[in-house]
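See structure below.
Please treat every number below as a calculation from the coordinates, not as lab data. The shown structure was predicted, so the numbers you read here are calculated from the model rather than taken from an experiment. Glycine also receives a Cβ, built like all others from the backbone with ideal geometry; neighbour counts cover every protein chain displayed.
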Amino acid sequence: MTEVMVEPWMLLVVAMIVFAIGLLGVILRKNLLVMLMCVELMLNAVNLSFVAFSRMHQTLQGDITVLFVMTVAAAESAVGLGLIIAMFRTLKTVDSDQIQMLRD
Amino acid sequence: MSLSLLIFLPLIGFLFNGFYHLKMARSEQKSSAMISGVIATGVMFAAFLVACTYYYMLSQLPADGRLFEQTLFQWMKLGGLNVSFALRLDSLSSLFVLIITGVGSLIHLYSIGYMSEDETPAKYFSFLNLFCFMMLNLVLGSNLPHVFLGWEGVGLASYLLIGYWYQDKDKVLAGQKAFIMNRIGDLGFLIAMFIAYKFVGSLDLIDLQKATLTPHVTTVFGLLIFFACTGKSAQIPLFTWLPDAMAGPTPVSALIHAATMVTSGIYLLTRLSPIIEASNTVLTVIGMVGVTTAFVAALMACAQTDIKKILAYSTISQLGFMFLACGVGSFESGVFHVMTHAFFKALLFLGAGSVIHALHEEQNIFKMGALRAKLPITSITFIAGWAAILGLPPFSGFFSKDEILWQSLSSPHGNVMLFIIAAASAFLTAFYMTRLLVLVFFGKSRVDPAKQKHIHEAPMTMAIPLMVLGVLSLVGGWFGEHHEHSGQEMMVMAASVILAGLGAGIAYQKYKNFEGEEKTNQFLMSGMGVDLAYLSVFAKGTGTLSKWFTTYVEEMIVQRTLRWSTAVVGLSGNLFRVVQVGSTQAYLMMILIAIVAIMAWVFLGVGQYGKL
Amino acid sequence: MVNYNSLTVLLTVPLVASMLAWFIPKGIQRLYAVFSSLCILALTLYQAAPVLFASTSAAVIEHKLAWLPEIGVSLNFRLDSVSGWFVALNAIVAILAFSLKGVWYRKNPRLFTSLGFFLVSALNTAFLSADLIVFYLAYEAVFIPMIFMVGIWGEQAKATAVFRFFLMSFLGSVLMLVSIFYLVNLYHEQSGIYSSNLFDLIQATAGKNSPNLKWCFIGFFLAFAIKVPLFPFHGWLKDVYTLAPMPATIWMSAILSKLGVFGFIRFVSPIFVESSQGYQGILLTLAAISVVYAAFLAIRSNDSKSLLAYSSVSHLGFVMMGVFTFNPGGNASAILLSVGHTLVSAMLFYILHLIQERQTDLGLETSHGFAKLYPTLFTVFFIAVLASMSLPGTLNFAGEFLVLIHSYAASALCTIISGVGVILGAVYMLKFYQQLGFGKNTTVTINSNTGAKDLAGYDLVVLSVLVLMLIYFGFQPEIFLKGN
């Protein structure tokens, strides 16, 4: 078996696919929880591309940024989850089509 | 002592009574006719004494310098215009001041008795004082705006007093009519002031008297001033308010609508006589209007049944005589008639008031009769007034009226036509006044039996003014300027006395044993339909115009344009609102599409940036 | 140049009062508001005294602070004999508007007081600013509290009225903004510096008469003509006046309209000398039509508030006659008449509100005969009516007389036409007063709480002071004219 070298462009392709899945999920799914998870997916795709670029250029900036993003993402998902729970408590739904209060 | 006392005394009375009225009205108490009346009469009498003193002081001065002046403060000063609040007393204004304060205080005194039963005498007396304050401003003002202050001020007081019993809507409307018709005239006054300022550069009366203007400006100015006078002095075309003004209390009619306010037109014309005289057109118009008013109003007076209306039309007619005098350039005789008229017409009104008072608000002369025995003082004084207005010698009216008749014939501006119409008016005057006298005091009694028992002579406060005015009506004419009478003038005198006697005789024959009620000419009684015509043309016209403006211009054009333009804006707003669906995911979709589009534009070379 | 901070306090103190209102208990908001506006009046008079009570019209207090030097915008405040009186009137009107009791002190009182003081601050900024951009900002800021007031405490069906009001005013002011930009640019072309200072712009347009300047003139004209309002831009007025809560109506008729008058005197006539002279005939005609037309509409009105609204338009027509003479005398008399109109219209709406508190039915189809119930109130009312008809001896007469005597020199015909308004003014004001006061009181519509009480206490004091002012200044208008 020949060892296949993981080229950075492959990582970028994976990142693109994951990002697209996340984006479509956010746009198409109606459940806020799933939407939040898809946002996480998009963030991870971005992280992956950061790592890939970092390797491509043989620098450390990308890796460090990823660490930042991961910390922020953790905080963000905690807050997001909290918000969704609060919304569920008051509105009894997490369907994004039902929540259009700003429109009126 | 200063001139300002003349105006401040009535002002004090006004303020005192005004606050006294408010104080009582707030606690729903009746103000005392005695307290308010005595104060009001007191200040007027004090002003009369001041006026007498000034009259005496004035007569001590040399003939060409008879003038007192007092500047109180500066009123309006802007650019070249400098209007001060200054009082000026000369022989003309001192005569008017004497009439206003003298006759005024008598009528104030009379009012104490007349208004004793009224609900709010303090209010009444405060208005009366306000009137005197404004009237004195009118005759003492040293410049046109100051005169205008008095001019509108007396109109205001007149409005308040005509509609004094304001719970009666008709009386209020009569007051409103008077005020608005006066304001129509006042517009003439205002524009005359603008013209005077533009062409003379000053509004001071002395500057105006000295001013030389182009003939055209003189004519326009004179006509505008005269127009203002027709409003205040109830001449054609603005005379119809005066008969309605009789809705006010009778002493008010005597003071405002007979003796003083309505003569302010004569005052103004005389005051500005140098300008008025400079234009023949103006003089002719004044003379024609004056004599026509005198005749027409006398004719209308013959058909009235209301005692006060007869006197009102009589006042209009007599004012016409005064304007006739001004129109033929004989301002002195006009002013002389103002004085004698003030005495006898105030007397006649107060006498009528006494009759009305005695008969408990009965005003129809066909429901009176044979009151001579029951009202001795009233009837004797009334006869004196009657003789004076007829122009029977030696009563006061004789001197002034004959002077006017003579001037209308002999003056450079007079002519036979004016004289004949004036003489005819004098004849009619004799007729309707005798009719009034006979129907009220002589003949058979037609009084409502229920009221018959309660007929009583006036109390002392009312009787004293009657007697004083009776004496003045007799002697008032003796102090005019006497001059040698030519033979022709004697003829005129004789003719007028004969005419008066003839008119009186006919009326006496017709009415001495009159019974029932006379069917008078409706056309004349209603003031020849002028009132109705004005109502349908001006009052309705204003209403129609405002209706048109409201429905057509405002609703159909202004509001509709506004509605449409707002609708257009609203619609375009809705158009863009479609995009705002409110779903987060739809927004995200739009963002996605936008990003893709921008990327395509940038990287695929769709736009110019693609070529970078 | 007097004290450094002397003029900014006129803007900041009301603003502080506006914020402080949120920390004052709801129950004493009225007390707080009246007291604070009294303090503002005292402060204004104290600060403006060197100008207001100077013997000539040349006295000026100026205060300049840089703000955005890159685009030439500065906080340049100027208190002179033109703006001084408007600032003082602003404080007086605030006292009157805050004095009225009503739903605004029951529902959201803190917001009301806060908005009111914000309005005062914005108005003062507009009156004082000699910088056109800052003026524009303040001019727009005035809308905010106005719209909130009509929206929150107004009567039913107010949304359309507010919308129209906003739209018309906004149309005008946006055009004005464009014109300001053009002028700033013009100055930049000439001197290479950006500046929106009034005097720089006057310099920029001096002696010029290009078509573009005419368009700018029209932009300014529209903004102020709508604000006053002048015929035919008065369409928004009736609904807004009638639907607005009484304090807002007072503010609008008494002082917001003066913003337009002020704008013409302060900005339009010095900046667009040529255009103003060129269009003078049309402008005077519009003013004269305003007088007569609004008077006719007022005669037709059967609702007290809309009658007063139209009477206000009619009288502002007289003010505009004075403004459009474009000479110092005419402008000084226009300011004098503005003062009179501010006091009288505020007073009339104030009185109307007092009657409304006592009686619920105020239609003018029938006569009510309230004068017998409330003798003092109707005496004061009558004096206000007389002043409104500009009877000699009142401040309004002095103003109107001087205005007309100046406009007569400019256009005799327009003056005579507007003179008809003097007669019509008597017709509708008398109708108004007579229908409310005279006749027999047959209608039993007494408001049970306050129904039977005559004018007394605080209201009596306020109205008496106003009456005294009207009469005193009617005979002593010198202080407003200053030897002009």
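State, to one decimal in nm, how far the label point of B:N521 lies from the label point of B:T284, with both points 7 Å from Cα in the Cβ direction.
Simple spin-label model gives 2.9 nm for this pair.
Mind giving me the FRET efficiency for B:L49 and B:T71? R0 is 25 Å, r the Cβ-Cβ distance, nearest 0.05 is fine.
0.60
Helix C:395-410 against the longest principal axis of chain C: what's the angle in degrees, Cα atoms only, rounded to the nearest 10?
40
Tell me the relative contact order for the stretch A:31-97 as a rounded percent, counting alpha carbon contacts under 8 Å between residues six or more apart.
45
If each residue's Cβ is checked for other Cβ atoms within 10 Å, how do B:H485, B:H21 rank with the fewest at the top?
Least crowded to most crowded, the residues run B:H485, B:H21.
Averaged over its residues, how many other protein chain Cβ atoms are within 10 Å of peptide B:313-321's Cβ atoms?
0
Between 0 and 90 degrees, rounded to the nearest ten: what's the tilt of helix C:211-227 against the longest Cα principal axis of chain C?
20
At 222 nm, what helix-only mean residue ellipticity would chain B give, in deg cm²/dmol to the nearest 500, using -39500 (n - 2.57) for each DSSP H run of four or more? Mind dumping the intermediate values first?
Values: 26 runs with 420 residues, N = 612.
Helix contribution divided over all residues of chain B: -23000 deg cm²/dmol.
For chain C, go through all pairs of different Cα atoms, get the mean of 1/r, take its inverse, and jot down that Kirkwood value in Å.
22.5
Just rank C:F220, B:F8, fewest to most, by other beta-carbon atoms within 10 angstrom.
Least crowded to most crowded, the residues run B:F8, C:F220.
Once amide H atoms are built 1.01 Å from N in the peptide plane, which residues 5 or more positions from B:N82, or in another chain, come under 5 Å H to H?
B:L203
Of the options B:H21, B:T101, B:G80, report the single residue whose Cα projects farthest towards the positive end of the charge dipole of the stretch B:1-142 (beta-carbon charges: Lys, Arg +1; Asp, Glu -1).
Most positive-ward Cα: B:G80.
By a straight-distance test (C-alpha under 23 Å), which lysines pair with C:K227 as possible cross-link partners, with residues fewer than eight away in the same chain excluded?
C:K158, C:K214, C:K238, C:K258, C:K305
If N is the number of residues in the stretch B:1-142, what value comes out of its Cα radius of gyration divided by 2.2 N^0.38 Å?
In units of the globular-protein estimate, the stretch B:1-142 measures up at 1.17.
Write down Rg/Rh for the stretch B:143-528, rounded to two decimals, with Rg from the C-alpha atoms and Rh from the Kirkwood relation over Cα pairs.
We get a ratio of 0.98 for the stretch B:143-528.
Averaged over B:70-78, how many beta carbons belonging to a partner chain fall within 10 Å of each residue's beta carbon?
6
Checking understanding here: applying a Kyte-Doolittle mean of at least 1.6 and a length along the axis of at least 24 Å (C-alpha), which whole DSSP H helices in chain B pass?
On the way: long enough: B:4-26 (32 Å, 1.18); B:33-60 (40 Å, 1.46); B:91-114 (34 Å, 1.52); B:121-140 (28 Å, 1.40); B:144-162 (26 Å, 1.26); B:169-200 (45 Å, 0.73); B:215-232 (26 Å, 1.20); B:280-301 (31 Å, 1.81); B:307-327 (30 Å, 1.09); B:331-358 (39 Å, 1.11); B:416-441 (37 Å, 2.18); B:487-511 (36 Å, 0.81); B:560-577 (25 Å, 0.15); B:584-603 (28 Å, 2.17).
Flagged H segments are B:280-301, B:416-441, B:584-603.
If we count other beta carbons within 10 Å of each Cβ, what is the order of B:F68, C:F165, fewest first? Walk me through the numbers on the way to the answer.
Numbers: B:F68 17, C:F165 26.
So the ranking, lowest neighbour count to highest, is B:F68, C:F165.
Jot down the radius of gyration and Dmax of the stretch B:56-131, Cα atoms only, both in angstrom.
Reported Rg and Dmax, both Å: 18.0, 54.
From Cα coordinates alone, what are the radius of gyration and Dmax values for the stretch A:8-103 in angstrom?
16.0, 50
Which residues' amide hydrogens lie under 5 Å from the amide hydrogen of C:S6, considering only partners 5 or more residues apart or on another chain, with H built in the peptide plane?
So C:S6 has HN proximity to no qualifying residue.
Using the Cα centre of the protein assembly as shown as origin and beta-carbon charges of +1 (Lys, Arg) and -1 (Asp, Glu), tell me which of B:V147, C:L243, B:P449 is placed farthest towards the positive end of the dipole.
About the Cα centre, the residue reaching furthest to the positive side is B:P449.
From the phi angles alone, apply the Karplus equation (6.51, -1.76, 1.60; θ = phi - 60°) to the stretch C:60-76 and give each ³J(HN,Hα) in whole Hz, x where the residue is Gly or Pro.
9, 10, 10, 8, 10, 9, 6, 10, 10, x, 4, 10, x, 8, 9, 8, 10
Please enumerate, by chain and number, the aspartates and glutamates with C-alpha under 18 Å from the C-alpha of B:K123, excluding those fewer than 8 residues away in the same chain.
Those aspartates and glutamates meeting the cut-off are B:E28, B:D168, C:D454.
Two decimals, Cα atoms only, Kirkwood Rh: what is Rg/Rh over the stretch C:279-484? The partial results should precede the final answer.
Details: Rg = 17.6 Å, Rh = 17.3 Å.
Expressed as Rg/Rh, it is 1.01.
Name the residue from B:Y54, B:F349, B:A533 whose Cα lies farthest towards the positive end of the charge dipole of chain B, charges +1 on Cβ of Lys and Arg and -1 on Cβ of Asp and Glu.
My answer, from the dipole projection, is B:A533.
So, how do all the Cα-to-Cα distances of the protein assembly as shown break down into 10 Å bins, in percent, from 0 on up?
Reading upward from the zero bin: 2, 9, 16, 18, 16, 13, 9, 6, 4, 3, 2, 2, 1, 0, 0, 0, 0.
How about C:K208: which aspartates and glutamates have a C-alpha closer than 18 Å to its C-alpha, ignoring those fewer than 8 places off in the same chain?
C:E189, C:D200, C:E274
Give the calculated FRET efficiency between B:S572 and B:M599 to the nearest 0.05, with a Förster radius of 25 Å applied to their Cβ-Cβ distance.
For B:S572 and B:M599, the calculated efficiency is 0.20.
Quick check on my link table: of B:K177/B:K309; C:K101/C:K453; B:K374/B:K444; B:K23/C:K101; B:K367/B:K444; C:K372/C:K440, which ones sit more than 19 Å apart, alpha carbon to alpha carbon?
The pairs that break the limit, which is 19 Å between Cα atoms, are B:K23/C:K101.
Considering every residue in C:406-413, what mean count of other chain Cβ atoms within 10 Å of its Cβ is obtained?
For peptide C:406-413, the averaged partner shielding equals 3.
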